[in-house]
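One structure below.
The values are calculated or read from the model by the stated rules, or taken from the named source; none is laboratory data. As the structure is a prediction and not an experimental result, all values here were calculated from the model. As a convention, Cβ positions derive from the backbone with ideal geometry for all residues, glycine included, and neighbour counts pool all protein chains shown.
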Amino acid sequence: MVRWRKFSTSLHSCAVKRTECAVEPSQGSEQEVPSQTLLNWGLERRSLALIAQRTLKNVVRATGVGLHSGDTVYLTLRPAPENHGIQFKRVDLDPPALIQATADSVSQTTLSTCLSSPEGATVSTVEHLLSALSGLGIDNVLIECNAPELPIMDGSASPFVFLIQSAGVREQTAPREYLRITHIIEVEDSGKTARLEPFNGFRISFSIDFDHPVVDQGACKTVVDVDEASFVREVSRARTFGFMRDLDYLKANNLARGGSMANAIVVGEDRILNDDGLRQNDEFVKHKVLDALGDLYLAGRPIIGHYSGSRSGHALNNRLLRQLLSDPSHYEVVSFENAADCPIPVLPIVENDA
Ligand SMILES: [Zn+2]
């Protein structure tokens, strides 16, 4: 079944304090797919279409606050050529440093995922942007930032979804390569587990053990069959969360200086301290799904399989990926000449006005 993506014009994510975004026409030399070609695709042509890689159509910029520094961070997303993958560029360094978004680049996982280049340049808090790129099916992008951390925005992936949709999406010609799980892989640490197993689709199951009066115990488990529509609808708006007592500790130790109720759910002793409460009843576990999606995108290709996490976090997710990628018998790389054969729905591009 073909579903057509409609770009959301809901600008809830633009209400984020200290966050701005801007789009500029692409200066890239890549050939642009004529919009009428895509819009005129009928169901029959669509079902026979190759699933190709995608990048952004235009350069897009955002400004936000760094979670740890509290400083203003400038972010630019640029279209990138086929097989470029996701790369970060620290433009504040001389010379600027490229940092690959790969499982091997993960150097630290305390509080957020931090990536490092072989030369030691770092960029942290990458998981929410990676989650948005994964959810929206962007294969190739160059992400420039002027600080060692990305802006936290509102603590969810929603502002990044808005940015990417504002930039527009361009289909390229090279086939998208998926990583299909062929064997069960599981890692465990002190009762926390993360697992990948064969599945004809992309499914994320997650459970948290969050025994606190503000958490609905019936909303600590979730299963999401991930595609672009379900990601935007069910996952992208779920914010990161923390306890008020931890926030006080972190700030006393010069960490999370940018942390506030503008970019996290803050849990008090007996209530959610944010004025508007939760965005969805299961926002806590849905944010864990959001994080897992970002972490898994460091595999370098979209996954066909079933991920299950129980109290897992960035560290365990990275161990899982490293174990997966360490043995090519765990997976196979596949592409689809015919979109109808792909078990994960890929929505046709709908042109916006950007
Ligand atoms: Zn997160």
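Between 277, 268, 294, the distinction of being without any contact (Cβ under 8 Å) to a residue 24 or more places away in the chain and small (Gly, Ala, Ser) belongs to 277 only.
Report whether or not residue 296 is aliphatic (A, V, I, L, M), over 19 Å from the mean Cα position of the chain (by Cα) and in the same structural domain as residue 205 (by TED's automatic domain parsing). In short, no. In the range 127-144, the residues that are within 16 Å of residue 172 (Cα to Cα) and more than 16 Å from the ligand (Cβ to nearest atom) reach residues that are β-branched (Val, Ile, Thr) and modelled with pLDDT under 95 with C-beta atoms within less than 8 angstrom, at least six apart or across chains, in these pairs: 137/346. Among the residues making up the range 67-114, those that are in contact (Cβ under 8 Å) with a residue 40 or more places away in the chain and among the hydrophobic types (A, V, I, L, M, F, W, C) are 67, 73, 75, 77, 80, 86, 88, 91, 101, 103, 106, 111. All conditions in (1) among the hydrophobic types (A, V, I, L, M, F, W, C); (2) more than 16 Å from the ligand (Cβ to nearest atom); (3) in a helix (DSSP H, G or I) hold for residue 231, with the sole exception of (2).
Of the strands (runs of 3 or more DSSP E) lying entirely inside the range 5-118, those carrying at least 1 residues that are at pLDDT 90 or above and either touching a strand residue (DSSP E or B) at 6+ places or on another chain (Cβ under 8 Å) or surrounded by 15 or more Cβ atoms within 10 Å (Cβ to Cβ) (or both) are 52-56, 59-65, 72-79, 86-90, 97-100, 106-108, 114-116. Scanning the range 335-354 for residues that are modelled with pLDDT of 90 or more and acidic (Asp, Glu) yields 337, 341. Yes or no: residue 255 within 16 Å of the ligand (Cβ to nearest atom), at pLDDT below 90 and out of contact with any strand residue (DSSP E or B) (no Cβ under 8 Å at 6 or more places or on another chain)? When the stated conditions are applied, residue 255 passes them.
Total residues in the range 297-320 satisfying the condition of being part of a strand (DSSP E or B) and over 18 Å from residue 113 (Cα atoms): the figure is 7.
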